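The values are calculated or read from the model by the stated rules, or taken from the named source; none is laboratory data. Owing to the predicted nature of the structure, the values given are computational and were not obtained by experimental measurement. We place every Cβ from the backbone using ideal geometry, glycine too, and count neighbours over all the protein chains shown. These accessible areas exclude ligands, DNA and RNA; they are computed on the full protein's heavy atoms, side chains included. Shrake-Rupley method; radii C 1.70, N 1.55, O 1.52, S 1.80 Å.
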Amino acid sequence: MIQLIRGFKDILPGEVELWQKIEQTASALFEDFGFKEIRIPIMEHTELFARSIGEDTDIVEKEMYTFMDRGGDMLTLRPEATASVVRAYIQHKLYAQDPVRKFYTIGPMFRRERPQKGRYRQFYQINAEVFGIASPYIDAQLIFMLATLFSRLSVTDIKAHINSLGCPQCRPQFKQALSDLLAAKTEVLCSDCQRRSSRNPMRVLDCKVPSCREAMSDAPSLSDYLCSDCKTHFDMVKKSLDKLKISFEIDKQLVRGLDYYTRTTFELQTGSLGAQSAVAGGGRYDGLIKALGGSDIPGIGFAIGFDRLAEIVSLNRPDIEKKADIFIAALGEKAQEKAFEWSCAFGITGIQAETDMANGSLKSQMKKADRSGADYVLIIGDKELEQGAAVLRNMTTKEQTEILMENVLESVTATVRR
Ligand code: HAM
């Protein structure tokens, strides 16, 4: 039997309902904050990701699903959505009327990481991106929006970690200090980090190899090198979060694994998922739109790990698979035909009606009715057809009432919706 690809997964009925609920809660909230949905393709030219996420990152170096298509183009299954949303913003001149635009998008991403609990090779993200706002208020508002979503989903074991990664003004001094430290530790670094130390020393900070992590434990922090504009910006973010009563932790180690970040970066972390503690991550990327060929427009956004969020939410909730509203048990050919007509008529009025199309015995149909979870069973056989009245059985109280055939749709609908 052919099995799933390692690190990929099916989301089965029973789980899907929870995913739908999360999706609806997120879209409704984001729309209230002025976000519009955008849908982007799952594949892009490889160069888009290499240029935005960065050539020296783990994602681009080791994790992307990249291949040459039959026409000779190098394509990549998207490892994240920000680059594509920025590309769409530039390509369709979505800034033309007003550079301030807010988008959200939900869908699958692909990274060839080592699979483990909370880490998959196809995973889903809920992304939100804001273009054209430089004010630190939007940084705080995004974190507030995220915290609100988690609280609406009754997820409480969550803490916001924030940091500032500065800007091209303050980076050089920091990179120098980091390079000095790395020069003294070359022999303990992995081969990737030895290469990164000169090309892009900041990437050594998020290397997952234990010896690199250890070597970096006393690394300098960018937040100690901020220029005065970046410092003012970060202070304002912190003040605004305080005002919004969002508790947060300043996390100087939070460098994020993508090159495009500037200034505020953040993660929402939880203790409920073991090693994969980040449920959402994001930050400002003020230089990205320009770097990808657009104007000098600031950007900021985040992505929620949908799989991780669903896992946490499901810890607090039992299955919410929708039950049938009614089961129609029909005995005999004529009754079967009636049941078939009714089940179609119920379906289009929003009543989920199940029926046994295998023409089983009453006993077996009642068993199926029980399994369907329906609170009511409508029973018809030759006798009922002759008398022009079907029997409606309440599965909880076992009470049975007769309803006239011509009123079946109205009566059942009224009873089920009561
Ligand atoms: P990221 O931190 O790479 O950021 O991913 C965001 C979230 O996606 C993570 O916090 C995690 O919950 C989830 N995630 C990442 N990799 C996996 C995986 N292999 N399996 C399951 N979940 C995973 C970004 O992707 C940025 N584009 C976020 C952003 C948007 N920054 C600005 N705008």
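Key figures
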item: All positions within the stretch 183-199 that are under 22 Å from Thr262 (Cα atoms) and crowded, with 17+ Cβ neighbours inside 10 Å; result: Cys193, Arg196, Ser197
item: Total residues in the stretch 321-357, condition within 25 Å of Lys21 (Cα to Cα) and either within 32 Å of the chain's Cα centre (by Cα) or small (Gly, Ala, Ser) (or both); result: 12
item: Qualifying positions in the stretch 126-143 - open to solvent by less than 20 Å² (accessible area, probe 1.4 Å) and not in a helix (DSSP H, G or I); result: Ile126, Asn127, Ala128, Glu129, Val130, Phe131
item: Unmet requirement for Ile328, which otherwise passes all of (1) closer than 20 Å to Met405 by Cα; (2) open to solvent by 70 Å² or more (accessible area, probe 1.4 Å); result: (2)
item: Extreme residue, surrounded by the fewest Cβ atoms within 10 Å (Cβ to Cβ), among residues of the stretch 262-284 that are more than 15 Å from Phe131 (Cβ to Cβ), more than 16 Å from the chain's Cα centre (by Cα) and among the hydroxyl-bearing types (Ser, Thr, Tyr); result: Ser272
item: Conditions (1) in a loop (DSSP other than H, G, I, E, B); (2) surrounded by 13 or more Cβ atoms within 10 Å (Cβ to Cβ): number failed by Ser27; result: (1)
item: Count of the stretch 17-30 residues which are under 13 Å from the mean Cα position of the chain (by Cα) and closer than 24 Å to Ser372 by Cα; result: 4
item: Helices (runs of 4 or more DSSP H) contained entirely in the stretch 342-418, each with at least 1 residues that are among the small types (Gly, Ala, Ser); result: 362-372, 408-417
item: 2 or more residues over 26 Å from Glu63 (Cβ atoms): qualifying helices (runs of 4 or more DSSP H) within the stretch 147-252; result: 171-184, 228-243
item: Scope the stretch 253-282; condition farther than 18 Å from Val313 by Cα and assigned to a loop (DSSP other than H, G, I, E, B); matching residues; result: Gln253, Leu254, Val255, Arg256, Gly257, Leu258, Asp259, Tyr260, Tyr261
